[in-house]
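K.L.:
Next up is a structure, given as structure tokens.
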Amino acid sequence: MTDTASAAAQAPAAYQGPARVLSGIQPSGALHLGNYLGAIVKFVKLQDEMECLYCVVDLHAITAWQEPAKLAAQTREIAAAYLASGVDPKKAIIFPQSAVLAHAELGWILQCVARLGWLDRMTQFKDKAGKHKERESVGLYTYPVLQAADILVYKATHVPVGEDQRQHLELTRDIAAKFNHDFDAPGFFPLPEAMVEGPGARIMSLRDGSAKMSKSDPSDYSRINLMDDADAIAQKVRKARTDPEPLPDNVEALALRPEADNLVGIYGALAGLTKAEVLARFGGEGFGRFKPELADMAVARLAPIGAEMRRLLDDPAEIDRVLADGAEKATALAAPVIDETRRHVGFWRPGG
Ligand code: AMP
Ligand code: TRP
């Protein structure tokens, strides 16, 4: 055998299965513009291109305390946001993560594949746990392994997420590769790709251009929520932090102006324009003129989504039908993967 042939023989076999999309959002608080532009907008686009599964990751949500009396309603609210934004249950499978037991089952198996050293590097855990990590739930620490299970239990190949999830997707690939290697199952799990690109991958706080827009920011003025009404949206844009300079006429000049950069990026993401195109329109203008335009654009895009969410949540029967139907379809897709996984691990199976 020549060197090249032996190298090819040792290279892990590439995954041969079909392209499939999976993503999820936690039902742990109101959805905001960052979730919408970083994730949901991509969910809507992808449903016409590939088979898609979108879950509401309630198992992930309980890594931090969730009021039991509210959790189901929060889950319906995320489902309502998917539907109101244009995810079509005839095209994509929408379901609650906890209703498909295979996530937790594969999650456990993958906890035994992932290494402590890999999890120790996860920056999201460090950010969330802060100084007192010993007081956090064990689940918060192993959270990224469950995320890997969410993806791999459907052999999903593409994962639309915001920039902050890049590291978790790298970990998912490492876990998939180690499973395939350890159990001598080349090409069994795909090495999924994060789909991060896009103008909304990292939307920043309206109060601080260096902090991510986030559900957990104590100031409601830091974010635009999907359920905010037109007045609230306009007021938050008006109060958004800026600097005293007018908008520049080129993108490079935004580099040291994080708040201006963020608002220009948000306008562009909402309007379907690049930052350069936004600046071609507004360069030289002060925020006094730009902010009302931004508010109008945000209201035009978001107010109808909020209104449709309110309509759906008023009578949750429709949402519940979508979630139950989605859970059934997702369970059926996960079943053969779990079965094969059990075989690879060597668990007892009747007659096996
Ligand atoms: P989470 O709210 O943490 O469950 O996030 C749900 C999705 O929204 C993930 O794909 C995140 O990457 C994305 N996301 C959250 N915050 C932002 C943000 N500020 N900008 C862009 N995407 C975000
Ligand atoms: N960790 C993701 C977040 O905080 C949510 C999530 C859980 C997820 N499981 C997933 C995203 C699977 C994509 C795929 O945003």
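K.L.:
Given the criterion at negative phi, free of Cβ contacts under 8 Å to residues at least 12 places away in the same chain and within 12 Å of ligand 2 (Cβ to nearest atom), identify the matching residue among ASP164, ASP150, ASP127.
P.N.:
On the way: ASP164 fails: free of Cβ contacts under 8 Å to residues at least 12 places away in the same chain; ASP150 fails: free of Cβ contacts under 8 Å to residues at least 12 places away in the same chain.
After ruling out the rest, the residue left standing is ASP127.
K.L.:
For ALA64, are the conditions met, namely being part of a loop (DSSP other than H, G, I, E, B) and closer than 30 Å to ASP314 by Cα?
P.N.:
Details: part of a loop (DSSP other than H, G, I, E, B): yes; closer than 30 Å to ASP314 by Cα: yes.
Yes: the conditions hold for ALA64.
K.L.:
Mind checking which pairs have a first residue in the stretch 220-237 that is without any contact (Cβ under 8 Å) to a residue 24 or more places away in the chain and a second that is acidic (Asp, Glu), Cβ under 8 Å, 6 or more apart or different chains?
P.N.:
From residues that are without any contact (Cβ under 8 Å) to a residue 24 or more places away in the chain, the pairs are SER222/ASP208.
K.L.:
Mind checking which pairs have a first residue in the stretch 55-69 that is on the phi > 0 side of the Ramachandran plot and a second that is open to solvent by 90 Å² or more (accessible area, probe 1.4 Å) and at pLDDT 95 or above, Cβ under 7 Å, 6 or more apart or different chains?
P.N.:
Between residues of the stretch 55-69 that are on the phi > 0 side of the Ramachandran plot and residues that are open to solvent by 90 Å² or more (accessible area, probe 1.4 Å) and at pLDDT 95 or above, there is no close pair.
K.L.:
Okay, next question. Could you please find all residues in the stretch 1-30 being modelled with pLDDT of 95 or more and either on the phi > 0 side of the Ramachandran plot or under 14 Å from the mean Cα position of the chain (by Cα) (or both)?
P.N.:
VAL21, LEU22, SER23, GLY24, ILE25, GLN26, PRO27 - these are the residues of the stretch 1-30 that are modelled with pLDDT of 95 or more and either on the phi > 0 side of the Ramachandran plot or under 14 Å from the mean Cα position of the chain (by Cα) (or both).
K.L.:
If you don't mind, there's one more thing I want to ask. Could you list, in sequence order, all residues of the stretch 229-248 that are in a helix (DSSP H, G or I), touching a Lys or Arg at 6+ places or on another chain (Cβ under 8 Å) and open to solvent by 30 Å² or more (accessible area, probe 1.4 Å)?
P.N.:
ARG238 - this is the single residue of the stretch 229-248 that is in a helix (DSSP H, G or I), touching a Lys or Arg at 6+ places or on another chain (Cβ under 8 Å) and open to solvent by 30 Å² or more (accessible area, probe 1.4 Å).
K.L.:
Could you please tell me which pairs satisfy a Cβ distance under 8 Å, a separation of 6+ or placement on different chains, a first residue in the stretch 16-33 that is open to solvent by 30 Å² or more (accessible area, probe 1.4 Å), and a second residue that is more than 10 Å from ligand 1 (Cβ to nearest atom) and among the basic types (Lys, Arg)?
P.N.:
GLY17/LYS155; ARG20/LYS155
K.L.:
From the residues in the stretch 34-58 that are over 12 Å from the mean Cα position of the chain (by Cα) and away from ligand 2 (no atom under 14 Å from the Cβ), which one is least open to solvent (accessible area, probe 1.4 Å)?
P.N.:
Among those that are over 12 Å from the mean Cα position of the chain (by Cα) and away from ligand 2 (no atom under 14 Å from the Cβ), it is GLN47.
K.L.:
Considering only the stretch 249-295, how many residues are open to solvent by 60 Å² or more (accessible area, probe 1.4 Å), among the charged types (D, E, K, R) and assigned to a helix (DSSP H, G or I)?
P.N.:
Total meeting the criteria: 6.
K.L.:
Residues of the stretch 321-337 being surrounded by 14 or more Cβ atoms within 10 Å (Cβ to Cβ) and over 18 Å from GLU51 (Cβ atoms), which ones?
P.N.:
If the condition is that a residue be surrounded by 14 or more Cβ atoms within 10 Å (Cβ to Cβ) and over 18 Å from GLU51 (Cβ atoms), then LEU323 is the only one that fits.
K.L.:
Turning to a different aspect of this structure: Can you spot a residue in the stretch 78-86 that is of a type outside the set (Asp, Glu), in contact with a helix residue (DSSP H, G or I) (Cβ under 6 Å, 6 or more places away or on another chain), free of Cβ contacts under 8 Å to residues at least 60 places away in the same chain and away from ligand 1 (no atom under 11 Å from the Cβ)?
P.N.:
Looking through the stretch 78-86, at least one residue is of a type outside the set (Asp, Glu), in contact with a helix residue (DSSP H, G or I) (Cβ under 6 Å, 6 or more places away or on another chain), free of Cβ contacts under 8 Å to residues at least 60 places away in the same chain and away from ligand 1 (no atom under 11 Å from the Cβ).
K.L.:
Select from the stretch 195-228 the residues that are open to solvent by less than 30 Å² (accessible area, probe 1.4 Å) and not in a loop (DSSP other than H, G, I, E, B) and write down the one among them that is nearest to ligand 1 (Cβ to nearest atom).
P.N.:
By that ranking, first place goes to MET204.
K.L.:
For the list (1) open to solvent by 10 Å² or more (accessible area, probe 1.4 Å); (2) of a type in the set (A, V, I, L, M); (3) within 13 Å of ligand 1 (Cβ to nearest atom), I need the number of the one condition that ALA61 fails.
P.N.:
Exception for ALA61: condition (1).
K.L.:
May I ask you to list the residues in the stretch 199-210 that are farther than 19 Å from ARG238 by Cα and within 16 Å of ligand 2 (Cβ to nearest atom)?
P.N.:
Matches in the stretch 199-210: GLY200, ALA201, ARG202.
K.L.:
Return yes or no: is GLN124 farther than 30 Å from ASP315 by Cα, among the polar types (S, T, N, Q), over 18 Å from the mean Cα position of the chain (by Cα) and surrounded by fewer than 19 Cβ atoms within 10 Å (Cβ to Cβ)? Walk me through it before giving the result.
P.N.:
Details: farther than 30 Å from ASP315 by Cα: yes; among the polar types (S, T, N, Q): yes; over 18 Å from the mean Cα position of the chain (by Cα): no; surrounded by fewer than 19 Cβ atoms within 10 Å (Cβ to Cβ): yes.
It is false that GLN124 is farther than 30 Å from ASP315 by Cα, among the polar types (S, T, N, Q), over 18 Å from the mean Cα position of the chain (by Cα) and surrounded by fewer than 19 Cβ atoms within 10 Å (Cβ to Cβ).
K.L.:
Say we look at the stretch 153-169 and pick out the residues that are closer than 15 Å to PHE125 by Cα and open to solvent by 50 Å² or more (accessible area, probe 1.4 Å); which of these is modelled with the lowest pLDDT?
P.N.:
Taking the stretch 153-169 first, the residues closer than 15 Å to PHE125 by Cα are 164-169.
This time we only want the ones that are open to solvent by 50 Å² or more (accessible area, probe 1.4 Å), so: 164, 166-167.
Working: ASP164: 93, ARG166: 96, GLN167: 97.
Selected residue: ASP164.
K.L.:
Can PRO186 be described as in a loop (DSSP other than H, G, I, E, B), modelled with pLDDT under 95, open to solvent by 20 Å² or more (accessible area, probe 1.4 Å) and more than 16 Å from ligand 2 (Cβ to nearest atom)?
P.N.:
Numbers: in a loop (DSSP other than H, G, I, E, B): yes; modelled with pLDDT under 95: no; open to solvent by 20 Å² or more (accessible area, probe 1.4 Å): yes; more than 16 Å from ligand 2 (Cβ to nearest atom): yes.
It is false that PRO186 is in a loop (DSSP other than H, G, I, E, B), modelled with pLDDT under 95, open to solvent by 20 Å² or more (accessible area, probe 1.4 Å) and more than 16 Å from ligand 2 (Cβ to nearest atom).
K.L.:
Please indicate, with yes or no, whether at least one residue in the stretch 72-93 is open to solvent by 20 Å² or more (accessible area, probe 1.4 Å), under 28 Å from PRO336 (Cα atoms), among the β-branched types (Val, Ile, Thr) and not in a loop (DSSP other than H, G, I, E, B).
P.N.:
yes
K.L.:
Against the definition (loosely packed, with under 15 Cβ neighbours inside 10 Å and either closer than 30 Å to ALA104 by Cβ or basic (Lys, Arg) (or both)), how does GLY346 come out, yes or no? If you could, list the steps in order and put the result at the bottom.
P.N.:
On the way: loosely packed, with under 15 Cβ neighbours inside 10 Å: yes; either closer than 30 Å to ALA104 by Cβ or basic (Lys, Arg) (or both): yes.
Yes: the conditions hold for GLY346.
The values are calculated or read from the model by the stated rules, or taken from the named source; none is laboratory data. These figures come from a predicted structure and were not determined experimentally. Backbone-built Cβ (ideal geometry, glycine too); neighbour counts: all protein chains shown. SASA here: full protein model, heavy atoms, side chains in, ligands and nucleic acids out. Shrake-Rupley method; radii C 1.70, N 1.55, O 1.52, S 1.80 Å.
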